[in-house]
2 protein chains.
Amino acid sequence: MTDGAQGEVEVREGRATIVDVARRAGVSKSTVSLVLGGSSLVADSTRERVADAMTKLGYIYHRGAATLRGAKSGVIGMVINDLSNPFYVELAIGIEQACQGGAYIPFLANTAENPVRQQQVIRSMREHGAAGLVLAPAIGTSASELKPLLAGLPVVQVMRRLPGLKASLVAPQNKEGARKATVHLIANGHKRIAFVGGMSSLLVRDERLAGYRIALEEAGIPLDLSLVIETTTNYSGGGGAAPQLLNLPEPATAALCFNDVVAIGLVRGLTEAGVSVGADFAVIGFDDIEEAKHTLPALTSVVVNGRDLGSRAAQLLMRHLASGDFEPEAVLCPTTLAIRKSSGAPKPNPLGGN
Amino acid sequence: MTDGAQGEVEVREGRATIVDVARRAGVSKSTVSLVLGGSSLVADSTRERVADAMTKLGYIYHRGAATLRGAKSGVIGMVINDLSNPFYVELAIGIEQACQGGAYIPFLANTAENPVRQQQVIRSMREHGAAGLVLAPAIGTSASELKPLLAGLPVVQVMRRLPGLKASLVAPQNKEGARKATVHLIANGHKRIAFVGGMSSLLVRDERLAGYRIALEEAGIPLDLSLVIETTTNYSGGGGAAPQLLNLPEPATAALCFNDVVAIGLVRGLTEAGVSVGADFAVIGFDDIEEAKHTLPALTSVVVNGRDLGSRAAQLLMRHLASGDFEPEAVLCPTTLAIRKSSGAPKPNPLGGN
DNA sequence: TAGCAGAATTGGAACGATCCAAATCGGACG
DNA sequence: CGTCCGATTTGGATCGTTCCAATTCTGCTA
C-alpha cells in the first residue's frame, strides 16, 4: 500500500534520478542513459516507455554528474562589463542569437566594471564547467590576474583587448570609425571639434581618439587639448562636458563623443544651455545604439552594430570549441557612419570670417 | 626525472583535482576538502600548504561533483523576458546588486519573449543545479507548461504574474500608478487622454489600463475606446501611434503610455508631426528608466524603480532559500510620479471654449 | 611511563551520470 | 534443432567531491 503508483506526475523525495526512471520503465539505467543521449541503439518502444517514465517522474537531468564523466556542459559564459550601457546589452543579445539552435546555452553575468566581481564570476562559470567564455573585460582588468583563471579555456574578447592575454578578439575598427566621423564634421565646416568622454585608461578610447587626431591632422587643424575632455562613460558625463565646451575662450562648435550615451548626455546639456544641436552645434556619437535613432534631434553615430559583433564573437568561440583549436584570432569589423540630424552644418559666421 | 616539480604554475593534463592537490601538499584528499570548506579543524600550517598547492596547480573547484553529494550550487537564475527593454536591464542589475556579497551568484538568461526559449533556459538552469529562480515570464507563457519544470524549486516572479502558478511575486502597484498619472493629466486640463501601447494579452497592461479608466471615471470623463491603442512594446510602436492620435475626429491632447520606451517613440512621432510635446501635447511614460531623464523634453513617468524591484525579488528568494519555506508571498511596491517637462499643461483653447 | 583528551588527519562509501565490454534476445539459416 | 548474427540491453567501474567513522598525533597529567 506504500506505493500506489498510478497517478499523474508524482514527485517523490528530492530529485528523480536515472535509476528511478529505469525502475519505473522496467529497464536498466544504461538504457535510460542511451535514451538521454539520443542513441539509435534503443528500440522505439523502449525509448517511448522511458520518455514516459521521465515526464511522469518529473525527471531532471543532472549535468553535474555527467560532466564528471567528461560530458560537456553545453554552457558558454558571457561576462560583460556594463549592462547599464545599452550597447553592451545589444552585444549580449547578439551573442545569444548566435547561440540559438546551436548546442550551447549562454549564461550572462554583469561585472559592472568591477574586476573583483569579474574574477568571482569567471571562477564561478568555470566551476560550473562552462565550455568557453565571451569576455568584455572590466576597466582596470590586468591580463596577469586573469591568466590563471582562464588557463585552458577558450576565450573570445569583445570590444576591449587585454594586452598580454592569449585570446581571440572581436572588435570594431575604432580608429577608422572615429576618423570618418571627424572628417564628416570637418566637411561640414567645423574647425573647433571636441572629443568628449571616456577615461584615458581605456584602450578603446585611445583608438577612437587616435582616429580623431588623424582626421584633424589630415585637415591641417592643430590639436587643441582643451577640446579633449575625459568624463565618466554615462549620461551625466556627457552632460557635464557641455559648459566646459561652451566656456572655452574659443568655444567648440562640434563634438565627437566616445559613445552614444555620452553623446545623448551632451546633447541634453547643450540644449539646456540654449544651444540648438544640429544647427548651432554638431554632435556625433559612437556605437549607434537603438536609442540614437529616437532622440531629438536624432543622433548621428558611428555604427558599430553590437549585435553583429556579439554574434561574430559567439560564432568564433563555437568554432574554437568545435575544432579544439584555440589559436587566437582577431576579427576587426568595419564601421560606417549613420548621418542624422544632430550633425548639421554650423551656421555660416554672420561676421563673414570663415 | 619525469616530475621536475618546482616551476611556477604548472597545468598538467586536464583539470587538476582535489587528489592532485592533496598529493602535492602531502595530505589526504579529505584534508583538502576540509580546507575548501573553510573548516576550522585543519591546522593553519596545513591550510597554507594546501592553498599553495591549489594555486600552483591552477586548481578549479568542480561544483558538479560537489552537488552530486548534496552541496548547493550557489547559483540563482534570472530568467528575463526582454533585455532590449532598459527597464528589465535595471531589474536585472537590481537582482545582481542584492546578491553582492551574499552566498549566491546570479546568472542571467534572456528569453526574448519566447516561451520555448524560456523552457530551454529554465531547464538548463535546473540541470546545472540552480538553487532558485527570479522569473520575469515571457509573453504567452502558461503556468501549466512551466509547472513540471519548476516543481520543488523556489521561484519569485517579477513584474508579471502567471495565474495558477504557486510562486511569490514582486510587482509594482500598476493600477494606482496609472491612476495617479492620469489624474495629473486631468489636473493639467486634459480631457482627450489616450492610453498607448502594449498588447491586450499582457496582464500588466490590463492593470495599468484599469488605473487609467478609474481616473477618467472619477473625473467624469467618458472612456473613448478610440483613444486606447495597442502597439508593440518598443520605440516604433509608440511612433506609429502618433498619427492615429492626431487624426482622430477629436484628436488627443495627452497620452499615458504603457511604458517609457513606447512613450519615447510617441514623443518622437509627435514631434515629427510638428506637435510640440510638453506644450501642445502631454506624454507620460511608465517605469522611469534612466533614459527618461535625458530625453528632450524630459519625460514625465511613473516611477517603478526596477533596481529596487529586482533587489526585493532577490532578497525574497534568498529568504526563501535560507528558511526552506517556499510559501508564496506577494510584494506590491508603491509607485510615484516623476513630473518633468513632457507633461506640461495644454495651451488654453484660443477659441475660448472651456 | 602509561594513559588520555583533544586536535588533526585520513580512508572509504556514497552521489548520478557515462561508457565499455559482455550478455541476452529473436529470427534466419543450414 | 543448434548456430550465428544483428539488434538491444545490461552490469560494473569510474569521474571529483563530501562526510562519517576511525585513526594518528601531540602534549600533558597522574
- prompt: Placing a label point 7 Å from Cα toward Cβ, how far apart in nm is residue A:28 from its equivalents in the other copies, listed shortest first to one decimal?
  reply: 3.4
query: Roughly what % antiparallel, to the nearest 5, for the DSSP beta bridges in the protein assembly as shown?
result: 10
- prompt: Looking at B:51, B:22, B:36, which one has the Cα that reaches farthest to the positive end of the dipole of the range B:18-61 (charges on Cβ: Lys, Arg +1; Asp, Glu -1)?
  reply: B:22
- line: About its Cα centre, chain B carries a charge dipole, from +1 on Lys and Arg Cβ atoms and -1 on Asp and Glu Cβ atoms, whose size in debye to the nearest 20 is 560
- line: What a careful reader reports for the chain B Cβ nearest the rotation axis onto chain A, distance rounded to whole angstrom, is B:64, 1
task: Could you tell me which of the pairs B:175/B:341; A:166/A:191; A:29/B:29; A:166/B:293 are separated by over 32 angstrom between their Cα atoms in the structure shown?
output: A:166/A:191; A:166/B:293
- request: Taking only Cα atoms and a 10 Å spring cutoff, compute GNM fluctuations for chain A and point out the largest among A:54, A:78, A:125.
  value: A:54
field: For the range A:231-354: accessible area per residue (Å², 1.4 Å)
entry: 41
- request: Based solely on C-alpha atoms, express the radius of gyration and the Dmax of chain A in angstrom.
  value: 27.0, 102
task: Take the alpha carbon gyration tensor of the protein assembly as shown, find the square roots of its eigenvalues, order them as a ≥ b ≥ c, and report rounded if a/c is under 1.5; if not, report prolate when a/b exceeds b/c, else oblate.
output: oblate
message: Compute the angle between helix B:306-323 and the longest alpha-carbon principal axis of chain B, please, reported from 0 to 90 degrees and rounded to the nearest 10.
response: 40
task: Using the 7 Å Cα-to-Cβ label point, sort the distances from residue A:119 to its equivalents in the other copies shortest first and give them in nm to one decimal.
output: 4.3
- request: Mind telling me which of B:319, B:47, B:117 comes out most flexible in a GNM of chain B, alpha-carbon contacts under 10 Å?
  value: B:47
message: Computing the accessible area with a 1.4 Å probe over protein heavy atoms, can you report the carbon and sulfur percentage for the protein assembly as shown?
response: 54
Choice from B:43, B:279, B:241 showing the highest fluctuation, given a GNM over chain B with Cα pairs closer than 10 Å: B:43
statement: Between chains A and B, total accessible area buried, probe 1.4 Å, no ligands or nucleic acids, nearest 100 Å², roughly 4500
message: Using a 10 angstrom Cβ neighbour count of at most 14 plus a DSSP loop assignment to flag exposed GluC sites (Glu not before Pro), which longest range of chain B is free of such sites?
response: B:14-328
query: Measuring from a point 7 Å out along Cα→Cβ, what nm distances, shortest first, does residue B:274 have to its partners in the other copies?
result: 2.9
field: Set of aspartates and glutamates with alpha-carbon distance to residue B:147 below 19 Å, sequence-local pairs under 8 removed
entry: A:8, A:10, A:13, A:52, B:113, B:127, B:325, B:327, B:329
query: Per residue, how much accessible area does the range A:18-61 show when a 1.4 Å probe rolls over the protein heavy atoms, in square angstrom?
result: 56
- prompt: residue B:179: accessible area at probe 1.4 Å, nearest 10 Å²?
  reply: 60
Under Karplus coefficients 6.51, -1.76 and 1.60, residue-wise ³J(HN,Hα) of the range A:222-228 in Hz, glycine/proline x: x, 6, 10, 5, 6, 8, 9
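The values are calculated or read from the model by the stated rules, or taken from the named source; none is laboratory data. If you're wondering where the values come from, they're calculated on a predicted model, not measured in any experiment. Reconstructed Cβ throughout: ideal geometry from the backbone, glycine too, with neighbour counts over all protein chains shown. The area values use the complete protein model at the heavy-atom level, side chains included, leaving out ligands, DNA and RNA. Shrake-Rupley method; radii C 1.70, N 1.55, O 1.52, S 1.80 Å.
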